[in-house]
């Protein structure tokens, strides 16, 4: 177990996983005529910004949204709107306007590392009573596993008394195709979510939501493939990670505007390389020059 502990300490600091609720770039104030009156639609996609585990298998059983039917998605946020005990100006004392509604999903085990570098898959979708999305809740099953190499696996136990995790949603986090058709992204940070304690791997999900319409992408290639590089984009406030595909291509999504350093950390004797002063503007795709690592 000492070997596993040391390996985890060296690698979990280099991880971030994205559950992505992906978005069409077009916006419209018109409603989608194919959606029944009084309802709205949400599509949820899942993707991964990986860690250097061989596999991370997550058992997803249910996805639900908390809706305030007394508010509109386009309305600005107000203080305490996510408080379960809050009764604001548009809610009655029993909070009858606030409801949980489940989305349609394909329950099962998802290999997060198969969805890296911008690839995604539809996780959940469905109609819900029109209103403002306040929270997303994802319920996990018991079949969660991490692989430290291609053959060595360990159970991944959900930490805490509840098998689910929730995240608050701000109105600017949600991308609107129309006034009743929405999509959004969930950034699942694995480096802060998996830890090794008392002889076992534990999962305590840490994540935030964001709107990909207002975020940038960073793309590039690092060679040779045998370097098995870990790519890190960082500044004073953000740190993102990517494990390239075999051909060396990598991508970051959900990048906040700012100036970054990009570090390429090789393995097997390959020396590190860092690009500095990489300027990122919101909603742009930034393509970096091809990086070749040397021994």
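Within the range 247-291, which strands (runs of 3 or more DSSP E) (wholly inside it) include 1 or more residues that are out of contact with any helix residue (DSSP H, G or I) (no Cβ under 9 Å at 6 or more places or on another chain) and at positive phi?
258-265, 273-280
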Tell me yes or no: at least one residue of the range 182-198 is at pLDDT 90 or above and within 30 Å of residue 64 (Cα to Cα). yes
Which numbered condition residue 159 misses (of (1) free of Cβ contacts under 8 Å to residues at least 60 places away in the same chain; (2) touching a strand residue (DSSP E or B) at 6+ places or on another chain (Cβ under 8 Å); (3) within 25 Å of residue 212 (Cα to Cα)): (3)
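Per-residue answers, yes or no, for (1) outside the structural domain of residue 239 (by TED's automatic domain parsing); (2) surrounded by fewer than 18 Cβ atoms within 10 Å (Cβ to Cβ); (3) touching a helix residue (DSSP H, G or I) at 6+ places or on another chain (Cβ under 6 Å); (4) modelled with pLDDT under 85:
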| position | (1), (2), (3), (4) |
| --- | --- |
| 27 | yes, yes, no, yes |
| 30 | yes, yes, no, yes |
| 50 | yes, no, yes, yes |
| 67 | yes, no, no, no |
| 91 | yes, yes, no, yes |
For the range 269-284, pairs from a residue that is in contact (Cβ under 8 Å) with a residue 40 or more places away in the chain to a residue that is not in a strand (DSSP E or B), with Cβ under 6 Å and 6 or more apart or across chains, are 270/227; 270/293; 270/295; 280/257; 281/257; 282/214; 282/257
Being within 17 Å of residue 258 (Cβ to Cβ), at pLDDT 90 or above and assigned to a loop (DSSP other than H, G, I, E, B) is the filter here, so list the residues in the range 208-236 that pass it. 235, 236
For the range 157-207 the number of residues that are surrounded by fewer than 17 Cβ atoms within 10 Å (Cβ to Cβ), assigned to a strand (DSSP E or B) and touching a helix residue (DSSP H, G or I) at 6+ places or on another chain (Cβ under 8 Å) is 1
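The values are calculated or read from the model by the stated rules, or taken from the named source; none is laboratory data. All of these numbers come straight from a predicted model, not from anything done at the bench. Glycine also receives a Cβ, built like all others from the backbone with ideal geometry; neighbour counts cover every protein chain displayed.
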